[in-house]
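Here is the structure we will look at.
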């Protein structure tokens, strides 16, 4: 089945060919497949591209020997994620390397805000704003694992750590109000928070961006912002290797345009956007649900620019050379203006530029003495504009002489992202707009956002809670529902990822044939939880 064509049920008694089909081999799709395989189920994954990875691929984009992360590059959420803690990346050969400075925020005149992994060092650098920075982040950073459990939940269950969830909510609301003991008096700390807020590609003062920023800032001190040795591809390659070891099958170069193309299975998990579900399901979806999917808002976009450099970036603030990530925009006011322009559908004259320099800790990314620089600028969704010159200007602003080091460059404009990953509609790399409403009601306002109206069909992409980033938890939450609904298995899915035991699924729910969905509807039967073998 090289191209994802239709497959009929096995001839013996009309049995389905496999237990579970996953569409999309990104981190969430592979996480869902691993959970299902851990339950002893037969799993097949179909990926449209020639390589797996979704938003976590690594390629030689500029020159031979220069390895660039195509999309995601820095992974605090993977390190904190309950799924990856259970999977144990280190045990699967993935080394996460920690820059001494999680992120830096340079300002004009050779100054910079530095988020050292050591919170005390950061607060000392911030002077009279250090105490406020510590009050904001210390309670969250000290419990970074518990914080990840809270923010990477399905946002439907009571929080695992209610007091910590309350502390997070209070801090987000206080930052929104910008008053009380968390106020800052100097310029550096507000700029640093605006820089992390802007990761959401949303107005920096909004509740969505503020929530994202507070969590990321806390993780900078709690777990750090690491980069994978060799590139982000190592993460998904490790997931795929373990899935295959557990008997799973991954088919690449297999674009799926209709659910009817899929092998008959008891459960289908789609690592796709709402638009992808609409495309595959067609008129099978109820009209009201389809309308809600069409109303789902896309987020702002990114124009990606990768550089092969003759040497390290000559940052004017010397300690920026120790940072894995940099926010290049200037003051809080400049960050707010740049993100407001993008939200209004305009290009900022001085855009927010997110930069990563993995060579600070990983010399394998480029030939000896050389460097790669990963950057993207925020632009309106669907923009065809190549903003590489504005990106260069922002880097040069804080690193005079940068342009002289450029050996080669590679650009992906926002309107071209879909050819790399169909989930990145118009260059939206976040799986949807980061608004207060869409943080919770993604992709539609339902109690169970993963289960679709088609029996046995589930969404498991970043367009479901908890949303964007490489953490795998969208796949875990969808797999939990599918295990319970279709196979009667109520085992904690994270134990299925971590442990060697497999759960005997027993006879799954029978599927009706000939319904035009590849066998993905069925009658509900009586199912009992299965015990481990």
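We did not get these values from a lab; they are worked out from the coordinates using the rules stated. Just so it is clear, the structure is predicted and the values come from calculations on it, not from any experiment. Neighbour counts are summed over all protein chains in view; Cβ atoms, including those assigned to glycine, are modelled from backbone coordinates with ideal geometry.
Worth a mention:
- Computed from the Cβ-Cβ distance with R0 of 25 Å, the FRET efficiency linking residue 260 to residue 447 stands at 0.30.
- Label-point separation in nm, residue 177 to residue 484, each point 7 Å along Cα→Cβ: 3.6 nm
- Using the average count of surrounding beta-carbon atoms within 10 Å as a protection proxy, the listed peptides 36-47, 284-295 rank, highest first, as 36-47, 284-295.
- Antiparallel DSSP beta bridges within the chain, as percent of all bridges there, nearest 5: 65 percent
- Taking 0.36 nm per residue of separation and subtracting the current Cα-Cα distance, fully stretching the chain between residue 128 and residue 160 would add 8.0 nm.
- Take the Cα of residue 120, step 7 Å toward its Cβ, do the same at residue 187, and the gap between the two points is 3.0 nm.
- Peptides 110-119, 97-106 ranked from most to least packed by the mean count of surrounding Cβ atoms within 10 Å: 97-106, 110-119.
- Computed from the Cβ-Cβ distance with R0 of 45 Å, the FRET efficiency linking residue 241 to residue 346 stands at 0.50.
- Taking 7 Å steps out from each Cα toward its Cβ at residue 440 and residue 408 produces label points 4.9 nm apart.
- Net length gained if the chain between residue 169 and residue 60 were fully extended (0.36 nm per residue, minus Cα distance): 35.1 nm
- At full extension, residue 98 and residue 111 could sit 2.4 nm farther apart than now, given 0.36 nm per residue minus the alpha carbon distance.
- Fewest-first sequence of 304, 392 by Cβ atoms within 10 Å of each Cβ: 392, 304
- Relative to its residue count, the chain spans a Cα convex hull of 134 Å³ per residue.
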